[in-house]
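*Asks:* My questions will all concern the structure given below.
Each value in this text was obtained by applying a stated rule to the coordinates, not by laboratory testing. As the structure is a prediction and not an experimental result, all values here were calculated from the model. In this analysis, Cβ positions are derived from the backbone assuming ideal geometry, glycine residues included, and neighbour counts consider all displayed protein chains.
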Amino acid sequence: MSIIYIDVETTGLAPERHEVIEIGWVDGDRSGRYIVPHIGITADPEALRINKYNERGLWDRSLWDEPDRIADLANRLEGKTLAGCNPRFDAAFLSRLFGWEPWHYRLLDVQSYASAVLGELVPLSASDLYAEYSGRGHALTEPDHTALSDALFAQGLHRAAVIEMTNYRRLGKVLRSIG
């Protein structure tokens, strides 16, 4: 089973009222971004400010992807582990958009995992994790509430956390060996 890193930008926080406007994904060394056709009638102004909706011109219909291209994403997700920073949020919106859940039932919350590697019981914010892991020498895409950048951040953060966990395991073995 493989992992696909995903991030969804929306017109608000409630999948039953708000819409997906942008999807970013990273699958191995391939990545993509879709601008989803949307109406935006129930858009939360704060959500649009955070994801830079107006600033990036996402209202421009000429940027919107065709529905069949977005359906191709559902096929790409089939059977894969959906990963990201708060993938339950993304999954709820994608499930509503696609009308089904093609991905594996188990989700990977990279933000929680990376926080736990640092000894944190409660997940740190994406910006705090970026600062912490970048400060340890890991090259990460800075999270900025745009779908593709945030999906790339999730992939890089997962790699960095796995490297850090591997280093901790090695250190534990060395410490046990010297008594």
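*Asks:* Quick check: the angle from helix 126-135's long axis to the longest principal axis of the chain, C-alpha only, nearest 10 degrees?
*Replies:* 40
*Asks:* Which of K52, K80, K173 has the fewest other C-beta atoms within 10 Å, and how do the rest follow up to the most?
*Replies:* By the 10 Å Cβ count, ascending: K173, K52, K80.
*Asks:* Okay, next question. Give me S127, S112, S177 ranked fewest to most by other Cβ atoms within 10 Å of their Cβ, as a rough exposure proxy.
*Replies:* Neighbour counts put them in this order, fewest first: S177, S127, S112.
*Asks:* Answer with one residue from A74, V26, V8: the one whose Cα lies farthest towards the positive end of the charge dipole of region 3-178, charges on Cβ with Lys, Arg +1 and Asp, Glu -1.
*Replies:* Checking the options against the dipole of region 3-178, the answer is V26.
*Asks:* Same structure, new question: Can you pull out the chymotrypsin sites (Phe, Trp or Tyr not before Pro) in region 71-179 whose DSSP state is coil and whose Cβ has at most 11 other Cβ atoms within 10 Å? Before the final figure, lay out the partial values.
*Replies:* Details: sites: F89, F93, F98, W100, W103, Y105, Y113, Y130, Y133, F153, Y168; in loops: W100, W103, Y105.
The qualifying sites are W100, Y105.
*Asks:* Listing L73, L63 from the residue with the fewest other Cβ atoms within 10 Å to the one with the most, what is the order?
*Replies:* L63, L73
*Asks:* Expressed as an acute angle from 0 to 90° and rounded to the nearest 10, what is the orientation of the C-alpha long axis of helix 87-98 relative to the principal long axis of the chain?
*Replies:* 30
*Asks:* Just how large is the dipole of region 3-178 about the Cα centre, in debye to the nearest 20, putting +1 at every Lys and Arg Cβ and -1 at every Asp and Glu Cβ?
*Replies:* That gives a dipole near 820 debye.
*Asks:* A further question on this structure: Label E142 and Y105 with points 7 Å out from Cα along Cα→Cβ: what is the distance between them in nm?
*Replies:* It is 4.1 nm.
*Asks:* Compute the long axis of helix 147-178 from its Cα atoms, compare it with the longest principal axis of the Cα atoms of the chain, and write down the angle in degrees, 0 to 90, nearest 10.
*Replies:* So the inclination is approximately 10 degrees.
*Asks:* log10 I(q)/I(0), Debye, Cα-only region 50-119, no solvent, q = 0.18 Å⁻¹?
*Replies:* So the normalised log intensities work out to -0.86.
*Asks:* At R33 and W59, where each label point lies 7 Å from the Cα along Cα→Cβ, what is the point-to-point distance in nanometres?
*Replies:* Using points 7 Å along Cα→Cβ, the separation is 1.9 nm.
*Asks:* Along the principal axes of its C-alpha atoms, what lengths does region 3-178 span, in descending order and rounded to whole Å?
*Replies:* That gives 64, 32, 27 Å along the principal axes, largest extent first.
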